[in-house]
Amino acid sequence: MKQSQSVNIKTDEEIGLMRESGRLLAQVFAMLDDYVVSGITTLDIDTKVEDFIVNTLKARPASKGQYGYQYTLNSSVNEVVCHGVPNQHKALKPSDIVNIDITLEKNGFIADSSKMYVLEGASPQAKRLVKITYEALWKGIGVVKPGATLGDVGNAVQRHAEAAGYSVVREYCGHGIGREMHEEPQVLHYGKAGTGLVLEPGMTFTIEPMINQGIRKTKTLKDGWTVVTKDKKLSAQWEHTILVTETGYEVLTLREEECV
């Protein structure tokens, strides 16, 4: 890996390994698509995912043990913005929306992605928030190319979310990723176009906007992990791991239903 202003530029070999980690992580979400239903607990989901990553994919759940975290994934339900802790007493309800955020390491390289699951009784307002957040993610991804800036990415996300009447969480952001889960740079989901780090081929990072139905303010619960909206309104998040290519971008964690 070469260094560019403290940002790791991946070699072709390293990019190949990251592609494989991303491909495997996409398979985890494909497995979950029929599993995340009302009535199961978020700990059920965590147990299922850990078993699949370890025993089927022969990979490692990269979040388990990171920063002292005990679980394989984050499960953030309704007003939980991020870092929701799996709970054996937290059964999903038909009205819920839940973000499942998973990391996976294979051959020394980590992929990171999250997906919103909308249960069958979710309100139209919840569905709209999830839809707009997904669109905002892709607005950010769509501007990625050599010569663009991280400010372009954040600005594209922010403009789309705020135009829909939502707010962008600012305390948490995307990040560089590779051999380490969190590398430079920080990838903000708001900002001014034309500012910030200039993107170069070989950079890999996550884009993972957290969009709130109400105000952008958050608070962390007493468990030290779970982050919720301060006004108790809904929050949504989607995430992909992105590679800057010679001509644009590649989504390393792209799921089959997203392929066009």
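The values are calculated or read from the model by the stated rules, or taken from the named source; none is laboratory data. Owing to the predicted nature of the structure, the values given are computational and were not obtained by experimental measurement. Neighbour counts run over all protein chains shown; Cβ positions are idealised from the backbone, glycine included.
Applying the condition of being of a type in the set (D, E, K, R), closer than 22 Å to Ile102 by Cα and free of Cβ contacts under 8 Å to residues at least 60 places away in the same chain to the range 157-181 and asking which residue is surrounded by the fewest Cβ atoms within 10 Å (Cβ to Cβ) yields Glu171. When residues in the range 216-244 are screened for being in a loop (DSSP other than H, G, I, E, B) and without any contact (Cβ under 8 Å) to a residue 60 or more places away in the chain, 7 of them pass. Has the range 107-116 got at least one residue that is among the acidic types (Asp, Glu) and surrounded by fewer than 21 Cβ atoms within 10 Å (Cβ to Cβ)? So far as the range 107-116 goes, no, none of its residues is among the acidic types (Asp, Glu) and surrounded by fewer than 21 Cβ atoms within 10 Å (Cβ to Cβ). Considering only residues in the range 4-44 that are surrounded by fewer than 16 Cβ atoms within 10 Å (Cβ to Cβ), more than 24 Å from Gly108 (Cβ to Cβ) and out of contact with any helix residue (DSSP H, G or I) (no Cβ under 9 Å at 6 or more places or on another chain), the one that is modelled with the lowest pLDDT turns out to be Asp34.
Just checking, does the range 45-54 include any residue being at pLDDT 95 or above, crowded, with 20+ Cβ neighbours inside 10 Å, among the β-branched types (Val, Ile, Thr) and not in a helix (DSSP H, G or I)? Taking every residue of the range 45-54 in turn, none turns out to be at pLDDT 95 or above, crowded, with 20+ Cβ neighbours inside 10 Å, among the β-branched types (Val, Ile, Thr) and not in a helix (DSSP H, G or I). Of the listed requirements (1) modelled with pLDDT of 95 or more; (2) under 30 Å from Gln186 (Cα atoms); (3) surrounded by 12 or more Cβ atoms within 10 Å (Cβ to Cβ), Met1 misses just one: (1).
Confirm whether Asp33 is under 28 Å from Gly121 (Cα atoms) and in contact with a Phe, Trp or Tyr (Cβ under 7 Å, 6 or more places away or on another chain). Considered against the rule, which asks whether it is under 28 Å from Gly121 (Cα atoms) and in contact with a Phe, Trp or Tyr (Cβ under 7 Å, 6 or more places away or on another chain), Asp33 comes out as no. When the range 179-198 is examined, which residues are found to be in contact with a Ser or Thr (Cβ under 7 Å, 6 or more places away or on another chain) and either in a loop (DSSP other than H, G, I, E, B) or of a type in the set (Phe, Trp, Tyr) (or both)? Result: Met181, Gly194, Thr195, Gly196, Leu197. Between Leu199, Leu252, the distinction of being farther than 22 Å from Lys115 by Cβ and either among the aromatic types (Phe, Trp, Tyr) or buried (at least 20 other Cβ atoms within 10 Å of the Cβ) (or both) belongs to Leu199 only.
The rows are residues; the columns are (1) touching an Asp or Glu at 6+ places or on another chain (Cβ under 9 Å); (2) in contact (Cβ under 8 Å) with a residue 60 or more places away in the chain; (3) among the polar types (S, T, N, Q).
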site: Glu79; (1), (2), (3): yes, yes, no
site: His83; (1), (2), (3): yes, yes, no
site: Pro86; (1), (2), (3): yes, no, no
site: Lys93; (1), (2), (3): no, no, no
site: Thr103; (1), (2), (3): yes, yes, yes
site: Ile110; (1), (2), (3): yes, yes, no
site: Glu135; (1), (2), (3): no, no, no
site: Gly147; (1), (2), (3): yes, no, no
site: Leu150; (1), (2), (3): no, no, no
